[in-house]
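Student: One structure, pasted below without further comment.
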Amino acid sequence: LWDVPPYISLPKREQGELQFGGLEGELLNLLIAELNIDLNYTTPPRNEKRGLILPNGKLTGAIKMLAEKSGDLSLGCFRRTQERATVLTSSISFYQTTQVFAVLERQEPWSTYEILTYPFNIHVWSSLLFFYLVPIIIAFILHRFSVRLLHFIFGILHVREMFFMWTGILLSQIAIPEPSANFARYIFVMWLLLTFVLRSSYQALLYDFFSTQKVIAAPATLDQLIQREYKLVVTESTADSMSGIKALRNREIEVLALNMTDIGIYIELEGNPETNFVASTPSDFLKYYMISEQKYSKFTILKEDVFLHHISVYFTKHSYLKLPVNRILRNLRAGGIIEHWSLVRELHANKNGLDKQALTLTQLYGIFVIQCLMWVAALLVFLVEYVRGYA
């Protein structure tokens with residue numbers, strides 16, 4: 001066992017009896033009572049926790065201890081996998097949680113270039129560039145081959161005049177010289193109306209941007225993470241399970257596997273607000289961290305659910321404990337007891353993470369009296385200054 005809240009909390013040494021906390025801690029307490037067993041627990045060395053099955057067949061952590069029969073069972077958000085089933089025996093799945101992506105909710109300001117291009121999307125800017133360049137290019141071609149046709153269409157004799165007139169209308173300037181042909185006037189009037197609508201819309205949207213003080217929202221999808229070059233932060237025991245995601249398999253996102261707790265990953269994100277980090281853990285760890293530390297608006301969960309965790313108890317291979325433990329788990333799951341423990345755990349975490357008590361009426365009255373005395377002192381200073389100034 002190891003300390004992994006909110007699933008299991010190890011008992012404190014000063015406690016007289018062996019009572020575990022958390023969702024799976026309650027389950028372990030019940031197993032001890034129902035099976036009438038004495039329990040001694042050992043923590044895996046070198047902070048390896050659940051451990052890994054390495055490609056060369058080497059085992060680490062709790063998996064190694066169970067395979068070597070140094071223990072009889074282990075639990076603590078232990079996910080059922082086909083790989084672990086080759087060396088260990090697992091119970092039935094008694095609880096499910098979702099693996100999620102979470103990013104730090106940051107108020108990131110827009111750059112100057114992003115502010116200038118904010119009002120329109122790429123399609124509008126591309127269309128505007130197209131309608132601006134195409135007539136100039138056509139005028140250049142006609143100038144090379146038929147000046148008469150150039151004068152008929154645009155009412156000019158030189159490309160330079162076309163450039164200044166077309167650009168002047170775009171920038172809300174007077175077109176000099178004015179086109180003489182009616183067809184040319186029609187073209188310039190259409191360009192004038194188009195640019196008038198675009199300029200009005202641009203100014204309105206830019207005014208709305210500055211009046212509402214918009215900021216860049218945190219990524220909401222996996223594609224946005226890739227576009228903004230986020231790095232994925234996971235624990236070492238979770239890194240191997242992320243290979244099923246196509247974006248990670250194609251190395252579109254850099255993965256950083258850190259030797260820390262699942263809750264420690266979110267502390268890492270808060271400690272590096274300027275770095276584009278995204279964390280991936282079971283949702284219960286994020287929920288527990290936000291409730292216990294009062295960080296309700298600190299993180300944004302992406303829309304994509306990565307995969308489901310099917311939590312179970314692991315035993316040594318072919319352990320006799322599998323049948324009685326499965327029988328107890330079926331009864332608990334059928335009665336909704338495990339879901340009840342999960343709700344009680346959230347309420348307990350919320351209670352521990354509550355803010356300090358509100359000020360009492362006596363304390364508020366004291367604050368009011370002090371504020372009144374400060375007003376009186378300020379009034380006296382004002383009167384003294386007024387008398388001195390009048391004298």
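The values are calculated or read from the model by the stated rules, or taken from the named source; none is laboratory data. Being a predicted model, the structure only gives us computed values, none of them experimental. Glycine also receives a Cβ, built like all others from the backbone with ideal geometry; neighbour counts cover every protein chain displayed.
Student: Where residues in segment 1-54 are acidic (Asp, Glu) and farther than 21 Å from residue 235 by Cα, which of them is surrounded by the most Cβ atoms within 10 Å (Cβ to Cβ)?
Tutor: Once the filter is applied, the top-ranked residue is 26.
Student: Could you say which residue among 24, 105, 17 is of a type outside the set (A, V, I, L, M, F, W, C) and over 35 Å from the mean Cα position of the chain (by Cα)?
Tutor: 17
Student: Mind telling me which of the residues 283, 292, 237, 319 ends up being of a type outside the set (Val, Ile, Thr) and modelled with pLDDT under 80?
Tutor: Every option except 237 fails the conditions.
Student: Continuing with this model, one more query. With respect to residue 46, is the statement that it is under 21 Å from residue 287 (Cα atoms) and basic (Lys, Arg) true?
Tutor: no
Student: For segment 118-131, which residues satisfy the criterion of being surrounded by 15 or more Cβ atoms within 10 Å (Cβ to Cβ) and hydroxyl-bearing (Ser, Thr, Tyr)?
Tutor: The answer is 118, and nothing else.
Student: Would you please name the residue that is farthest from the chain's Cα centre (by Cα), looking only at residues in segment 64-102 that are over 22 Å from residue 332 (Cβ atoms), touching a residue at least 60 places away in the same chain (Cβ under 8 Å) and in a loop (DSSP other than H, G, I, E, B)?
Tutor: Among those residues, the one meeting the criterion is 69.
Student: Looking at (1) within 17 Å of the chain's Cα centre (by Cα); (2) farther than 30 Å from residue 44 by Cβ, which is the only condition residue 252 fails?
Tutor: So the condition that residue 252 fails would be (1).
Student: Of all the residues that make up segment 158-176, how many are of a type in the set (Gly, Ala, Ser) and either more than 30 Å from residue 203 (Cβ to Cβ) or in a helix (DSSP H, G or I) (or both)?
Tutor: 1
Student: Of everything in segment 1-43, what is over 18 Å from residue 79 (Cβ atoms) and either among the aromatic types (Phe, Trp, Tyr) or in the same structural domain as residue 235 (by TED's automatic domain parsing) (or both)? Give them in sequence order.
Tutor: 20, 41
Student: Another question about this same structure. Suppose we keep only residues that are closer than 30 Å to residue 65 by Cα and of a type in the set (A, V, I, L, M) within segment 295-316. Which one would you say is modelled with the lowest pLDDT?
Tutor: Filtering first and then ranking leaves 306.
Student: Considering every residue within segment 214-229, establish whether at least one is at pLDDT 80 or above and closer than 28 Å to residue 46 by Cα.
Tutor: no
Student: Restricting the search to segment 221-279, which residues are farther than 24 Å from residue 2 by Cβ, surrounded by 13 or more Cβ atoms within 10 Å (Cβ to Cβ) and among the hydroxyl-bearing types (Ser, Thr, Tyr)?
Tutor: 230
Student: Does segment 132-157 hold any residues that are out of contact with any Ser or Thr (no Cβ under 8 Å at 6 or more places or on another chain), surrounded by 13 or more Cβ atoms within 10 Å (Cβ to Cβ) and part of a loop (DSSP other than H, G, I, E, B), and which are they?
Tutor: 156, 157
Student: Output the number of the condition that residue 191 fails; it satisfies all remaining conditions of (1) touching a residue at least 60 places away in the same chain (Cβ under 8 Å); (2) touching a helix residue (DSSP H, G or I) at 6+ places or on another chain (Cβ under 6 Å); (3) assigned by TED's automatic domain parsing to the domain that holds residue 100.
Tutor: Here residue 191 clears every test but (3).
Student: Can you give me the number of residues within segment 87-98 that are under 22 Å from residue 278 (Cα atoms) and buried (at least 21 other Cβ atoms within 10 Å of the Cβ)?
Tutor: 0
Student: Pick from 117, 81: which is hydroxyl-bearing (Ser, Thr, Tyr) and outside the structural domain of residue 9 (by TED's automatic domain parsing)?
Tutor: Result of the check over 117, 81: 117.
Student: List the strands (runs of 3 or more DSSP E) that sit entirely inside segment 238-323 and contain at least 2 residues that are among the β-branched types (Val, Ile, Thr).
Tutor: Hits in segment 238-323: 277-282, 299-311.
Student: Tell me which residues, restricted to segment 191-236, are in contact with a Leu (Cβ under 9 Å, 6 or more places away or on another chain) and among the hydroxyl-bearing types (Ser, Thr, Tyr).
Tutor: Of everything in segment 191-236, those that are in contact with a Leu (Cβ under 9 Å, 6 or more places away or on another chain) and among the hydroxyl-bearing types (Ser, Thr, Tyr) turn out to be 195, 221, 235.
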